Amino acid sequence: MEPWMIEFHLDGRSGLSPYLQLVRQVRQALRLGLLREGDQLPTVKEVVAGLAINPNTVLKAYRELEHEGLVAARPGVGTFVTATLADASLAAHGPLRQELRRWLARARRAGLDEESIEALFMTTFRTAAEEDIA
Amino acid sequence: MTAVIEAQGLGKQYGRRWALSDCTLDIPAGRVVGLVGPNGAGKTTLLHLTVGLLAPTSGSIEVLGGRPAANPAQLAKVGFVAQDSPTYAGLRVADHLKLGARLNPGWDAALARDRIERLGLDPARRAGQLSGGQRAQLALTLGIAKRPELLILDEPVAALDPLARREFLQGLMEATAEHELSVVLSSHLVSDLERACDYLIVLVDSRVRVAGEVEELLATHHRLSGPRRDPARLPAGQHVVAASHTDRQTTLIVRTDAPIHDPAWTVSRLSLEDLVLAYMGKSTHTDHNGRNHRPTLEVQR
């Protein structure tokens, strides 16, 4: 068996459906450059045998990735990466992280503990996301 | 798509007790079906009716388009692994495979051999000397190598430790992916089935409380919490599965196809386990007169 570029895992407490977790893990690997064009994703049988999950979950995740134009299935061979997400936005990560660090430091100085920071971040994140949808 | 199991008003009576009543199911092919419910709910009865070990007292059941155990062709299409991974303690692993080959017309000898080898089971060992996990894997191997269209397993992982449990489900899911099997497995623990199943049947007190695609069930059930109010005054189309109240607050598990717009409710998603527990109706609530009520459980499609 070939060594795969990525290995999937599932978080039972994430609240995300297993199929979305798989989709996200591929996207994340693409963003971080762990997966590149031409790489093969693990076969359905292998993912299923590794995680003890329903085969339809994996098929659905791969179909979604295909629909997004990130991978393509070659019948009888496997599913291959056809695009990359590690684009120019990767360069922006550094400065953004620095700003976020400064913001975190300010939050701590203002007396927020970790839980309060997380709660504040998540509610703001969600409100902003909802406003975008609306 | 053709139905794997189609039951109409299916029931089984023992003496005066109904072990299964008024069971109507229509399960499409290619699913991994989880049958959950407390011990004694009627899971084994339903499975035995499906494989033809029992005959119905009322109603009808068709499996893969035929009457269970009606003829050799029907028997060959359905695999069954009974509770406690049945094997013959005095027979060697190799004898089990030989027996499987003799008893099953569609026996896949290469698959069986290959699987036993990958599991690291010594063909010369007697089944009685194997660990619980190994015995379960041997029983599963027999079930898969029969090459059925539908494989039915009664509480296959209940007696296994967490590692053996995981390995068993890995093997089962691998076979499902490889051979396009339909599978029905029962468990009294939904956590065993959460990842493996895409279709769920909840059976409580001899009745099917809810059955459907897992994804659809998760999308249509919500937990609502908000200021105390009477669940009877919810909009039409919102079925209360379970309700609990404090003096000030009401918490409901609701099934609905439409989005919930009432801003008074905080709406949250349910895990599969929460959903099953709601239908099992463990929680009781107190009404205005202080009487305890079982939650309404009539929700069924």
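The values are calculated or read from the model by the stated rules, or taken from the named source; none is laboratory data. What you are looking at is a predicted structure, and each value in this text was computed from that prediction instead of being measured. Reconstructed Cβ throughout: ideal geometry from the backbone, glycine too, with neighbour counts over all protein chains shown.
Just wondering, is there one or more residues in the range B:80-88 that are in the same structural domain as B:Gln129 (by TED's automatic domain parsing), outside any loop (DSSP other than H, G, I, E, B) and either surrounded by 20 or more Cβ atoms within 10 Å (Cβ to Cβ) or at positive phi (or both)?
Yes - at least one qualifying residue is present in the range B:80-88.
Residues B:Gly30, B:Gly11: which one is part of a loop (DSSP other than H, G, I, E, B) and under 18 Å from the mean Cα position of the chain (by Cα)?
Exactly one residue qualifies, and that residue is B:Gly30.
Only one residue in B:Leu119, B:Leu150 is surrounded by fewer than 24 Cβ atoms within 10 Å (Cβ to Cβ), under 21 Å from the mean Cα position of the chain (by Cα) and assigned by TED's automatic domain parsing to the domain that holds B:Tyr88, so which one is that? Talk me through it step by step, then tell me what you get.
Values: B:Leu119 fails: under 21 Å from the mean Cα position of the chain (by Cα).
Only one candidate qualifies: B:Leu150.
Please enumerate the residues belonging to the range B:225-256 that are more than 21 Å from B:Val210 (Cα to Cα) and either among the basic types (Lys, Arg) or in contact with a Gly (Cβ under 9 Å, 6 or more places away or on another chain) (or both).
Within the range B:225-256, B:Arg228, B:Arg229, B:Arg233, B:Arg248, B:Gln249, B:Thr250 meet the criteria.
Take the residues of the range B:154-166 that are aliphatic (A, V, I, L, M) and in a helix (DSSP H, G or I): which is nearest to B:Ala82 (Cα to Cα)?
Ranking the qualifying residues of the range B:154-166, first place goes to B:Ala164.
From B:Leu151, B:Leu185, B:Leu169, which residue is touching a residue at least 40 places away in the same chain (Cβ under 8 Å) and either within 12 Å of chain A (Cβ to nearest Cβ) or part of a helix (DSSP H, G or I) (or both)?
Details: B:Leu151 fails: either within 12 Å of chain A (Cβ to nearest Cβ) or part of a helix (DSSP H, G or I) (or both); B:Leu169 fails: touching a residue at least 40 places away in the same chain (Cβ under 8 Å).
Of the residues listed, the single one that is touching a residue at least 40 places away in the same chain (Cβ under 8 Å) and either within 12 Å of chain A (Cβ to nearest Cβ) or part of a helix (DSSP H, G or I) (or both) is B:Leu185.
Could you please let me know if B:His245 is more than 28 Å from B:Pro28 (Cβ to Cβ), crowded, with 17+ Cβ neighbours inside 10 Å, touching a residue at least 12 places away in the same chain (Cβ under 8 Å) and not hydrophobic (A, V, I, L, M, F, W, C)? Outline the logic, then answer.
On the way: more than 28 Å from B:Pro28 (Cβ to Cβ): yes; crowded, with 17+ Cβ neighbours inside 10 Å: yes; touching a residue at least 12 places away in the same chain (Cβ under 8 Å): yes; not hydrophobic (A, V, I, L, M, F, W, C): yes.
In short, yes.
If I go through the range A:7-31 residue by residue, how many of them are more than 9 Å from chain B (Cβ to nearest Cβ), in a loop (DSSP other than H, G, I, E, B) and buried (at least 16 other Cβ atoms within 10 Å of the Cβ)?
Residues that pass the stated criteria total 1.
Identify all residues within the range B:194-212 that are within 10 Å of chain A (Cβ to nearest Cβ) and either within 11 Å of the chain's Cα centre (by Cα) or modelled with pLDDT of 95 or more (or both); write none if there are none.
The first filter runs over the range B:194-212 and keeps only residues within 10 Å of chain A (Cβ to nearest Cβ), leaving B:194-199.
Of everything in the range B:194-212, those that are within 10 Å of chain A (Cβ to nearest Cβ) and either within 11 Å of the chain's Cα centre (by Cα) or modelled with pLDDT of 95 or more (or both) turn out to be B:Glu194, B:Ala196, B:Cys197, B:Asp198, B:Tyr199.
Cβ-Cβ distance below 6 Å, separation of 6 or more or different chains: which pairs start in the range B:57-78 with a residue that is in the same structural domain as B:Ala7 (by TED's automatic domain parsing) and in contact (Cβ under 8 Å) with a residue 60 or more places away in the chain and end on one that is of a type in the set (Asp, Glu) and not in a helix (DSSP H, G or I)?
Matching pairs, first to second residue: B:Leu64/B:Glu149; B:Lys77/B:Glu149.
Checking the structure you have, find out if any residue of the range A:72-88 is at pLDDT 90 or above, exposed (fewer than 11 other Cβ atoms within 10 Å of the Cβ) and of a type in the set (Lys, Arg). Spell out how you get there, then give the answer.
So the first thing to find is which residues in the range A:72-88 are at pLDDT 90 or above, and the list is A:72-74, A:78-82.
Filter once more, so that each one left must be exposed (fewer than 11 other Cβ atoms within 10 Å of the Cβ): A:74.
Then drop every residue that is not of a type in the set (Lys, Arg), which leaves A:74.
Yes: the range A:72-88 contains one or more residues that are at pLDDT 90 or above, exposed (fewer than 11 other Cβ atoms within 10 Å of the Cβ) and of a type in the set (Lys, Arg).
This table checks each residue for (1) among the charged types (D, E, K, R); (2) closer than 30 Å to B:Cys23 by Cβ; (3) at pLDDT 95 or above.
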| site | (1), (2), (3) |
| --- | --- |
| B:Ile61 | no, yes, yes |
| B:Ala73 | no, yes, no |
| B:Val78 | no, yes, yes |
| B:Gln83 | no, yes, no |
| B:Leu97 | no, no, yes |
| B:Asp108 | yes, no, yes |
| B:Leu119 | no, no, no |
| B:Ser131 | no, no, no |
| B:Ala139 | no, yes, yes |
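Restricting to the range B:173-182, what's the tally of residues that are of a type outside the set (Ser, Thr, Tyr), at the interface with chain A (Cβ under 8 Å from one of its Cβ atoms) and either buried (at least 23 other Cβ atoms within 10 Å of the Cβ) or not in a helix (DSSP H, G or I) (or both)? Steps first, please.
As a first pass, look at the range B:173-182 and keep what is of a type outside the set (Ser, Thr, Tyr): B:173-175, B:177-181.
From the residues that got through so far, the ones that are at the interface with chain A (Cβ under 8 Å from one of its Cβ atoms) too are B:173-174, B:177-178.
With either buried (at least 23 other Cβ atoms within 10 Å of the Cβ) or not in a helix (DSSP H, G or I) (or both) added as a condition, the list becomes B:173.
Within the range B:173-182, residues that are of a type outside the set (Ser, Thr, Tyr), at the interface with chain A (Cβ under 8 Å from one of its Cβ atoms) and either buried (at least 23 other Cβ atoms within 10 Å of the Cβ) or not in a helix (DSSP H, G or I) (or both) number 1.
So, in the range B:70-100, of the ones that are among the small types (Gly, Ala, Ser) and out of contact with any helix residue (DSSP H, G or I) (no Cβ under 6 Å at 6 or more places or on another chain), which residue ends up nearest to B:Asp161 (Cα to Cα)?
If we take residues in the range B:70-100 being among the small types (Gly, Ala, Ser) and out of contact with any helix residue (DSSP H, G or I) (no Cβ under 6 Å at 6 or more places or on another chain), then B:Ala82 is nearest to B:Asp161 (Cα to Cα).
For the range B:154-166, which residues satisfy the criterion of being more than 10 Å from every other protein chain (Cβ to nearest Cβ), in contact (Cβ under 8 Å) with a residue 12 or more places away in the chain and either surrounded by fewer than 21 Cβ atoms within 10 Å (Cβ to Cβ) or within 17 Å of A:Leu10 (Cβ to Cβ) (or both)?
Result: B:Ala158, B:Ala159, B:Asp161, B:Leu163, B:Ala164.
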